[in-house]
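*Asks:* Before I ask anything, here is the structure I am working with.
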Amino acid sequence: MRIKAPRRNSAGVLTSVGEAHDELDFEILGNEESRPIRLNTNIFIDGYGNREKTVHLSWFDPTADFHNYTLLWNHRQIVFFVDEVPVRVMRKVDGKSYPATRPMWLQASLWNGEPWAMDTDQKKINWAYGPFRAYFKDFKVDGCPVDGEGSDLASCSSPEYWWNAERYWKLDEAQQMAYEHVLEHYQTADYCIDRPHPPECGL
């Protein structure tokens, strides 16, 4: 999906695209003018999230134009991309939880994220800068269709689907370099570091 985030002083305003319990979230956190917009990602497995990672989108202005926000999700890894740059990777660990147990859907929204999305709990959204508008277009999805109960989820690992091809099981060399650059220069929060070491981290 191509998204243009709200302009001006949008601290506390969240633009989110998520797949909802299991859930995969892109959350664009508004910010005060002259400060970089933050992108928060989160992954819920069996209704439990708290797997948040945050990067500053300071290598471009997400409010000036549309940019591509993409999820690659297969039985080996989940990759969050911004304009083809990987900003988050979660690899499947054998025997550990992984979001692939139930049917999911997609929603996009603009919502009040205060005080969680603010720099401090004391800050509030400055409604004088409203109305806040986010823009969404060119939504595209390639997915595995299942029934409402998800009884046929096993077929979603079929190599007949392009995203299950071996070339998508891990980042290629150029993608890995771009991802490491993001981690080094733009990542500001990582649940793998902030809390006791979860089993899926460090891969």
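*Asks:* Determine the per residue accessible area of segment 36-96 with all protein chains present and a 1.4 angstrom probe, expressed in square angstrom. Kindly include the intermediate steps, with their values, before the conclusion.
*Replies:* Values: 2460 Å² over 61 residues.
Accessible area per residue, segment 36-96: 40 Å².
*Asks:* Turning to a different aspect of this structure: How much solvent-accessible surface does residue 66 expose, in Å² to the nearest 10, with a 1.4 Å probe and all protein chains in place?
*Replies:* The value for residue 66 is about 40 Å².
*Asks:* Now for a different question. So for each of 177-187, 23-33, 137-147 I average, over its residues, the number of other beta carbons within 10 Å; can you give me the resulting order with the highest mean first? Mind dumping the intermediate values first?
*Replies:* On the way: 177-187: 14.2, 23-33: 21.0, 137-147: 10.7.
Result, highest mean first: 23-33, 177-187, 137-147.
*Asks:* Then there's this: Beyond 26 Å between alpha-carbons counts as too far, so tell me which of 53/92; 96/137; 140/170 fall in that bin.
*Replies:* Beyond 26 Å: 96/137.
*Asks:* Within the accessible area of the chain, what % is carbon and sulfur when the probe is 1.4 Å and the other protein chains stay in place?
*Replies:* Numbers: 5590 of 11300 Å².
Reported share for carbon and sulfur atoms: 50 percent.
*Asks:* Something else about it: Could you tell me the accessible area of residue 109 in Å² (1.4 Å probe, neighbours in place), rounded to the nearest ten?
*Replies:* Residue 109 has an accessible surface of roughly 40 Å² with all protein chains in place.
The values are calculated or read from the model by the stated rules, or taken from the named source; none is laboratory data. These numbers were taken from a predicted model, which means no experiment stands behind them. Neighbour counts are summed over all protein chains in view; Cβ atoms, including those assigned to glycine, are modelled from backbone coordinates with ideal geometry. Note: accessible area is taken over every heavy atom of the protein model, side chains too, but ligands, DNA and RNA are not part of it. Shrake-Rupley method; radii C 1.70, N 1.55, O 1.52, S 1.80 Å.
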